[in-house]
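Here the structure comes first, spelled out in structure tokens, and everything after it is commentary.
The values are calculated or read from the model by the stated rules, or taken from the named source; none is laboratory data. Remember, it's a predicted structure, so these values are computed and weren't measured experimentally. Here the Cβ is made from the backbone with ideal geometry for all residues, glycine too, and neighbour counts use every protein chain on show.
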Amino acid sequence: MDLNQTDWELKCIEDDNSIIIDVRADHEVAEGIIPNAINIDIYGGQLFMDEINKLDKNKSYFIYCKAGGRSAQACSIMNQLGFEKTYNLLGGFSNWTGKKIIL
């Protein structure tokens with residue numbers, strides 16, 4: 001499900017089972033991340049799939065990338081694997097106005 005920043009952030013905060021996933025590459029993550037996000041690079045190929053398959057399908061996943069395209073793709077992949085609660089951040093990190101952690 002695609003959500004704007006306000007809805008994405010609010011739903012994430014309200015959900016006790018929420019996990020934030022950043023699907024950007026390492027050089028993009030170096031620019032900063034959303035607090036509590038875990039990084040699983042969607043371009044990691046089999047490594048990406050291995051990491052996704054380790055996740056609990058009963059949790060809710062709030063996914064972002066730089067602009068929203070890769071995270072939409074990640075949501076689609078996860079949905080095909082049986083994850084029912086995936087939320088894509090429209091506009092991605094580029095449009096994020098909330099808290100950031102600079103690495």
Practice prompt. Take SER94 and decide whether it is of a type in the set (S, T, N, Q), in contact (Cβ under 8 Å) with a residue 12 or more places away in the chain and surrounded by 16 or more Cβ atoms within 10 Å (Cβ to Cβ).
Written response: no
Worksheet item: All but one of (1) within 11 Å of LEU89 (Cβ to Cβ); (2) part of a helix (DSSP H, G or I) hold for LEU47; which doesn't?
Response: (1)
Response to the item:
Cβ pairs under 6 Å, 6+ apart or interchain, first in segment 18-30 and outside any strand (DSSP E or B), second at pLDDT below 95, ordered by first then second residue, are ALA30/LEU103
Practice prompt. Kindly indicate whether any position in segment 50-62 is closer than 18 Å to ASP7 by Cα, touching a residue at least 60 places away in the same chain (Cβ under 8 Å), within 10 Å of the chain's Cα centre (by Cα) and not in a helix (DSSP H, G or I).
Written response: no
Fill in: Residue that is modelled with the lowest pLDDT [pool: residues in segment 15-55 that are surrounded by fewer than 16 Cβ atoms within 10 Å (Cβ to Cβ), under 18 Å from GLY68 (Cα atoms) and among the charged types (D, E, K, R)]
GLU31
